[in-house]
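Chemist: Following this message is one structure expressed as structure tokens.
The values are calculated or read from the model by the stated rules, or taken from the named source; none is laboratory data. Bear in mind the structure is a predicted one, so any value in this text is a computation, not a measurement. Virtual Cβ from ideal backbone geometry, glycine too; neighbours counted across all protein chains shown.
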Amino acid sequence: MLYHMYEATRMAIMPWRMGAQAVRNTVTAPWSPLSYTPLGKQIDSAAEMFERVTRRYGKPDWGFEKTVIDGKDVAVEEEVVIHRTYCSLVNFKRDTKRNDPKLLVVAPVSGHYATLLRGTVETMLPDHDVYVTDWTDCRYVPITADRFNLSDYIDYIIDFLHYLGPNTHVLAVCQPSVPALAAVSIMSGWGDICAPASMTLMGGPIDTRRNPTAVNKLAKEHTIEWFERHVVTVVPPPYPGMGRRVYPGFIQLTNFISMNLDKHMISLNELFDHLVQGDEEEADKKKAFYDEYLAVMDLPAEFYLETVETVFQKHSLPKGEMMARWNPVKPEQITKTAILCVEGELDDISGVGQTQAALDMTPNLPDSMKHYHLQKNVGHYGVFNGGRWRREIAPVVKGFIREHDHELGGKARKVHAIAS
């Protein structure tokens, strides 16, 4: 009933949103005396704020038309190379003949769309052939489709790596650090030639027993049955996924906002001030952030519940007890995939040390193939977006990938040996 109540409330507010738009049209019309007064600007800004905070945001576009390589604009084309029920593998094809490393960016299934990683992809595009896991909003997946759980997620990563072939690099942001590490562990145990050359794990909950955050503590305080009763609900009509059990995006968004409510209230108040003052550049920056941040998707209930239980309650991966299908997940089998762990000093979602645990769980991987980077003065989102990501973190990631690329890294090592 929770989802039905949410939809009913959204429909009830719709006339008010239409009224707010009518007010905006009236006070900004050239013939309106209010359009030339400070009062009119305040009314218009207040109406816009009401419309924005009550709107349901759809999936944002990636919006990549070009990138810059060697100082020149290069056209970029978005292409779906694999389409599955719950995910599409998207390649951002660059109009260039450069033989750059193949990079699989594994986006989280955690409420936001994969486009939340737009800044991550944009920064990596000039130097890599980038592929991204673009996950599907479950409210649009018919109930007749197969279910999707944590093992399916791992299967998807393995299948995508098989498609991309040997010498691929993986970059997993936040939640997918666990299934990415699991997939590479399984492939390494098989002796799979498509196991990636390197894997970068960023702000991920590999071992949430280390430096637990409020998110981790919440998961431990309640049983899995509590989560199933209180946050799992059924998609209502008229969505194609009606009848499907999901963890709704609006609940996840509520949790995200409540964790930093004071910051969001200050930010929205600043947006209102920018609108009133006519500071369009600053207003557009905040609008762009919230257009992305408030766009959320529904998660499959079975995937959400299994992730909570396996990752946050039982700690199955660091304990060596995790299973994916019939495969035991053993990180100690990783011997040829270089691992970089990146964490943010101020991360309040994945605490410092949780991602670094992956390096301790791979004792058979040479130390020369392990690297850790702790970024000062950034929170969770700053690890993969924003100025410090572009200026300080991305160069570390790019350098690590090229160092361990079987073609580029091998050439670099050969040149170094000759020079020595």
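Chemist: Looking only at the stretch 1-56, which residues are under 19 Å from residue 296 (Cα atoms) and among the basic types (Lys, Arg)?
Modeler: Of everything in the stretch 1-56, those that are under 19 Å from residue 296 (Cα atoms) and among the basic types (Lys, Arg) turn out to be 10, 52, 55, 56.
Chemist: So, of the residues in the stretch 379-413 that are at pLDDT 95 or above and among the aliphatic types (A, V, I, L, M), which turns out to be nearest to the chain's Cα centre (by Cα)?
Modeler: 383
Chemist: Report yes if residue 80 is closer than 30 Å to residue 150 by Cβ, surrounded by 22 or more Cβ atoms within 10 Å (Cβ to Cβ) and out of contact with any Leu (no Cβ under 6 Å at 6 or more places or on another chain), otherwise no.
Modeler: No: the conditions fail for residue 80.
Chemist: Any residue in the stretch 1-22 that is under 14 Å from residue 239 (Cα atoms) and in contact (Cβ under 8 Å) with a residue 60 or more places away in the chain sitting within a Cβ distance under 6 Å of a residue that is assigned to a helix (DSSP H, G or I) and aliphatic (A, V, I, L, M)? List the pairs, counting only those 6 or more apart or interchain.
Modeler: Every condition considered, no pair remains.
Chemist: Can you tell me which of 227, 303, 256, 250 is modelled with pLDDT under 85 and either within 27 Å of residue 147 (Cβ to Cβ) or of a type in the set (Ser, Thr, Tyr) (or both)?
Modeler: Numbers: 227 fails: modelled with pLDDT under 85; 303 fails: modelled with pLDDT under 85; 250 fails: modelled with pLDDT under 85.
Going through 227, 303, 256, 250 in turn, the sole match is 256.
Chemist: Is there a residue being in a loop (DSSP other than H, G, I, E, B), closer than 24 Å to residue 391 by Cα and out of contact with any helix residue (DSSP H, G or I) (no Cβ under 6 Å at 6 or more places or on another chain) anywhere in the stretch 78-96?
Modeler: Here is the first cut: in the stretch 78-96, the ones in a loop (DSSP other than H, G, I, E, B) are 84-86, 95-96.
Checking which are closer than 24 Å to residue 391 by Cα leaves us with none.
No: zero hits.
Chemist: If you scan the stretch 175-196, which residues turn out to be outside any helix (DSSP H, G or I) and in contact with a strand residue (DSSP E or B) (Cβ under 6 Å, 6 or more places away or on another chain)?
Modeler: First, the residues of the stretch 175-196 that are outside any helix (DSSP H, G or I): 175-176, 191-196.
Once the filter is applied, which keeps residues that are outside any helix (DSSP H, G or I) and in contact with a strand residue (DSSP E or B) (Cβ under 6 Å, 6 or more places away or on another chain), the stretch 175-196 yields 176, 196.
Chemist: Only one of (1) over 27 Å from residue 257 (Cα atoms); (2) surrounded by fewer than 22 Cβ atoms within 10 Å (Cβ to Cβ) is not met by residue 154, so which one is it?
Modeler: (2)
Chemist: Please state which of the following conditions residue 269 fails to meet, knowing it meets all the rest: (1) in contact with a Cys (Cβ under 9 Å, 6 or more places away or on another chain); (2) free of Cβ contacts under 8 Å to residues at least 12 places away in the same chain.
Modeler: The single condition residue 269 does not satisfy is (1).
Chemist: Which members of the stretch 251-264 meet the condition of being of a type outside the set (Val, Ile, Thr) and touching a helix residue (DSSP H, G or I) at 6+ places or on another chain (Cβ under 6 Å)? Even if it seems obvious, please write down each step before you answer.
Modeler: Going through the stretch 251-264, the residues of a type outside the set (Val, Ile, Thr) turn out to be 252-253, 255-256, 258-264.
Within the stretch 251-264, just 264 meets the criteria.
Chemist: With the requirement that a residue be of a type in the set (A, V, I, L, M, F, W, C) and in contact with a Lys or Arg (Cβ under 7 Å, 6 or more places away or on another chain), what does the stretch 18-68 give you? Reasoning before the result, please.
Modeler: Applying the first criterion (of a type in the set (A, V, I, L, M, F, W, C)) to the stretch 18-68 yields 18, 20, 22-23, 27, 29, 31, 34, 39, 43, 46-47, 49-50, 53, 62, 64, 68.
Across the stretch 18-68, the qualifying residues are 47, 62.
Chemist: Moving to a separate point now. Being of a type in the set (Phe, Trp, Tyr) and over 19 Å from the mean Cα position of the chain (by Cα) is the filter here; which residues of the stretch 80-94 pass it? Quick ask: steps written out before the conclusion?
Modeler: The first filter runs over the stretch 80-94 and keeps only residues of a type in the set (Phe, Trp, Tyr), leaving 86, 92.
Correct list: empty.
Chemist: Do any residues in the stretch 220-241 that are among the basic types (Lys, Arg) have Cβ atoms under 8 Å from those of residues that are surrounded by 13 or more Cβ atoms within 10 Å (Cβ to Cβ), where the two are at least six apart or on different chains, and which pairs are they?
Modeler: That search, which allows pairs on different chains as well, returns 220/212; 220/312; 220/313.
Chemist: I'd like to check something: does the stretch 53-69 contain any residue that is in contact with an Asp or Glu (Cβ under 9 Å, 6 or more places away or on another chain), assigned to a strand (DSSP E or B) and crowded, with 21+ Cβ neighbours inside 10 Å?
Modeler: yes
Rundown of residues vs (1) crowded, with 22+ Cβ neighbours inside 10 Å; (2) in contact with a helix residue (DSSP H, G or I) (Cβ under 6 Å, 6 or more places away or on another chain), yes/no style:
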residue: 109; (1), (2): yes, no
residue: 125; (1), (2): no, no
residue: 134; (1), (2): no, yes
residue: 138; (1), (2): yes, no
residue: 149; (1), (2): no, yes
residue: 160; (1), (2): yes, no
residue: 167; (1), (2): no, no
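Chemist: Give me the pairs, please: first residue somewhere in the stretch 175-187 and surrounded by fewer than 24 Cβ atoms within 10 Å (Cβ to Cβ), second residue anywhere and assigned to a helix (DSSP H, G or I) and not hydrophobic (A, V, I, L, M, F, W, C), beta-carbon distance under 8 Å, and either six or more positions apart or on two chains.
Modeler: Partner pairs satisfying both residue conditions: 175/307.
Chemist: Please pick out the residue among 353, 278, 320 that is on the phi > 0 side of the Ramachandran plot and in contact with a Lys or Arg (Cβ under 6 Å, 6 or more places away or on another chain).
Modeler: Values: 278 fails: in contact with a Lys or Arg (Cβ under 6 Å, 6 or more places away or on another chain); 320 fails: in contact with a Lys or Arg (Cβ under 6 Å, 6 or more places away or on another chain).
Among 353, 278, 320, only 353 is on the phi > 0 side of the Ramachandran plot and in contact with a Lys or Arg (Cβ under 6 Å, 6 or more places away or on another chain).
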